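Since the structure comes first, as structure tokens, the remarks are kept for the end.
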Amino acid sequence: MDKIIIKKFGGTSLTDLNRVANLIKNDIEKGCNVIVVVSAVAGFTDQMAFQARQISNLSCRQELSEYDVMLSAGEQISCGLLAITLQSIGVNAKSWLAWQLPIVTDDFYSESKIKTIKIERVKRSFAEGYTAAIIAGFQGINDDRITTFGRGGSDISAVAFAIAFGVRACEIFTDIDGIYTADPKIVPKACKLKFISYDEMLEMSSSGAKILHNRSVQLAMKHNIKVQVLSTFKEVEGTTVLHKRDVLERYLITGITYSTNEALVTFTNLANNLRTLRDIAGANVKIDMIHGSSFVISKFDIDLMEKSLNKNENYVINDNVAKISIIGIGVMSNTEVMHRTLKVLSEKKIEILAITTSEIKISIIVQKEYVVALVKDLHTEYELDMQH
């Protein structure tokens, strides 16, 4: 069988189908077969999600199942459109939806996990002379029902196909040309990383960097799949995500991320009430950064949390906060990082509302109004402006 290349194109990339089709054709002309995982066109899934939530809060399994049917439509449209575009330029392409292969998942609607991918039909299509298999990302099937993997789940599909076909690398195409030390939209002096370890990428993904789905990074890490983040629109070297032992250039700080989707919850008597935390966690709310009588949750989980509490609980919710995370292998074992972080906060007179540390991450909660300036100041303080 010819060499197989795995490519994934995100929603912004699919605004230029001709560009995407030509990138695929280039590989086919080099004698490769290409498996292409596609997302929905940018904005489509958000629009569908908004529409559904106007009708219902989607609290039961049956509604979530129908929600997945609707959300998966965007990838189906992308699949067909890209296959037609490829055929129009002479590429023998065939589209595949999850149920046709099938991609078998568990039954956790909107957050499903892949159990197996049957690849025989795609293999057969290559044997029959097709050179491109266009796969609808983000979706699978459980029994006879469509499931989806959660927002950004097409990354998971792409890595899973690399594993299924025994391909050691997976190319993720997007509208940015790699992974940067900070969001270049707010830090123009941010530098592109040539390499980043799985551990650091996982922390960046779960701390606000919306480049790769964290479950796709976990999967790549488990099976040692190199993930390349590349630009659809610029022919430049991207960033490779790989095992930390293979990272050639090592820096103290790899990146600074931020998230404004946080809420700080403060209870009057939390210290004496482990049952409260247990009930909140039991309602499927992720609790982060416990700090005295306060803790952090996602802003989107406030309703879930409030439903899990009894009426006598006294608490205050501050959703006008942001989380900044400083990420790098060994940040905690180097006291200089914490010293410099606190120096910037004290110079700017910014109050820390919560702080947590791990071996490769320091996270702090501050009032949202300070977040952009603080990311810039920390980036300069750690000499990231000129480092890479």
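The values are calculated or read from the model by the stated rules, or taken from the named source; none is laboratory data. Nothing here was measured: the structure is a model prediction, and the numbers come from that model. Cβ atoms come from the backbone with ideal geometry, glycine included; neighbour counts cover every protein chain shown. Areas reflect the complete protein model, heavy atoms only, side chains present, ligands, DNA and RNA absent. Shrake-Rupley method; radii C 1.70, N 1.55, O 1.52, S 1.80 Å.
Just a yes or no: is a residue in the stretch 40-62 aromatic (Phe, Trp, Tyr) and crowded, with 19+ Cβ neighbours inside 10 Å? No, the stretch 40-62 contains no residue that is aromatic (Phe, Trp, Tyr) and crowded, with 19+ Cβ neighbours inside 10 Å. Selection within the stretch 1-39: residues that are open to solvent by less than 20 Å² (accessible area, probe 1.4 Å) and among the polar types (S, T, N, Q). The member of this set that is nearest to Phe149 (Cα to Cα) is Ser39.
What is the residue count in the stretch 286-315 for residues that are open to solvent by 30 Å² or more (accessible area, probe 1.4 Å), among the hydrophobic types (A, V, I, L, M, F, W, C) and under 21 Å from the mean Cα position of the chain (by Cα)? So the count comes out to 2. Restricting the stretch 7-47 to residues that are over 18 Å from the mean Cα position of the chain (by Cα) and in a strand (DSSP E or B) leaves a set whose member that is farthest from Leu212 (Cα to Cα) is Asn33. Checked against (1) at pLDDT 95 or above; (2) on the phi > 0 side of the Ramachandran plot, Lys226 passes all but a single condition, namely (2). Among the residues of the stretch 142-185, those identified as in contact with a strand residue (DSSP E or B) (Cβ under 8 Å, 6 or more places away or on another chain) and farther than 25 Å from Ala40 by Cα are Arg168, Thr181, Ala182.
For the stretch 176-208, the set of residues classified as outside any loop (DSSP other than H, G, I, E, B), surrounded by 18 or more Cβ atoms within 10 Å (Cβ to Cβ) and touching a residue at least 60 places away in the same chain (Cβ under 8 Å) consists of Tyr180, Ser197, Asp199, Glu200, Glu203, Met204, listed by residue number.
Do we have any residue at all in the stretch 215-225 that's basic (Lys, Arg), open to solvent by 50 Å² or more (accessible area, probe 1.4 Å) and in contact (Cβ under 8 Å) with a residue 24 or more places away in the chain?
From the stretch 215-225, those basic (Lys, Arg) are 215, 222; that's our starting set.
This time we only want the ones that are open to solvent by 50 Å² or more (accessible area, probe 1.4 Å), so: 222.
Adding the requirement that they be in contact (Cβ under 8 Å) with a residue 24 or more places away in the chain leaves none.
So far as the stretch 215-225 goes, no, none of its residues is basic (Lys, Arg), open to solvent by 50 Å² or more (accessible area, probe 1.4 Å) and in contact (Cβ under 8 Å) with a residue 24 or more places away in the chain.
State whether one or more residues within the stretch 245-256 are on the phi < 0 side of the Ramachandran plot, among the hydroxyl-bearing types (Ser, Thr, Tyr), assigned to a strand (DSSP E or B) and touching a Ser or Thr at 6+ places or on another chain (Cβ under 8 Å). No: zero hits. Counting only residues that are open to solvent by 10 Å² or more (accessible area, probe 1.4 Å) and touching a helix residue (DSSP H, G or I) at 6+ places or on another chain (Cβ under 8 Å), the stretch 316-331 holds 4 of them.
The set of residues from the stretch 344-361 being more than 19 Å from Met289 (Cβ to Cβ) and either without any contact (Cβ under 8 Å) to a residue 24 or more places away in the chain or open to solvent by 80 Å² or more (accessible area, probe 1.4 Å) (or both) comprises Ser346, Glu347, Lys348, Lys349. Within the set Ala182, Ala160, Ala169, Ala136, the sole residue that is closer than 23 Å to Gly255 by Cβ, at pLDDT 95 or above and touching a helix residue (DSSP H, G or I) at 6+ places or on another chain (Cβ under 8 Å) turns out to be Ala169.
Applying the set (1) of a type outside the set (Val, Ile, Thr); (2) open to solvent by 10 Å² or more (accessible area, probe 1.4 Å); (3) in a helix (DSSP H, G or I); (4) over 30 Å from Val331 (Cβ atoms) to Tyr130 leaves exactly one unmet item: (3). Taken over the stretch 89-124, the criterion of being touching a residue at least 24 places away in the same chain (Cβ under 8 Å), assigned to a helix (DSSP H, G or I), open to solvent by 50 Å² or more (accessible area, probe 1.4 Å) and not basic (Lys, Arg) is satisfied by Trp99 alone. Within the stretch 96-147, being in contact with a Gly (Cβ under 8 Å, 6 or more places away or on another chain) and among the hydroxyl-bearing types (Ser, Thr, Tyr) holds for Thr105, Ser110, Ser112, Thr147.
Here is a check on your reading of the model: is Ile360 farther than 17 Å from Gly330 by Cα and not hydroxyl-bearing (Ser, Thr, Tyr)? It would help to see each step written out before you state the result.
Values: farther than 17 Å from Gly330 by Cα: no; not hydroxyl-bearing (Ser, Thr, Tyr): yes.
So Ile360 fails the test.
Given the structure, is Phe50 within 19 Å of Ser157 (Cβ to Cβ) and hydrophobic (A, V, I, L, M, F, W, C)? No, not satisfied. Of all the criteria given as (1) open to solvent by 20 Å² or more (accessible area, probe 1.4 Å); (2) over 23 Å from Lys361 (Cβ atoms); (3) within 15 Å of the chain's Cα centre (by Cα), the one not satisfied by Phe173 is (1).
Within the stretch 247-274, which residues are over 21 Å from the mean Cα position of the chain (by Cα) and at pLDDT 80 or above? Leu252, Leu264, Val265, Thr266, Phe267, Thr268 - these are the residues of the stretch 247-274 that are over 21 Å from the mean Cα position of the chain (by Cα) and at pLDDT 80 or above.
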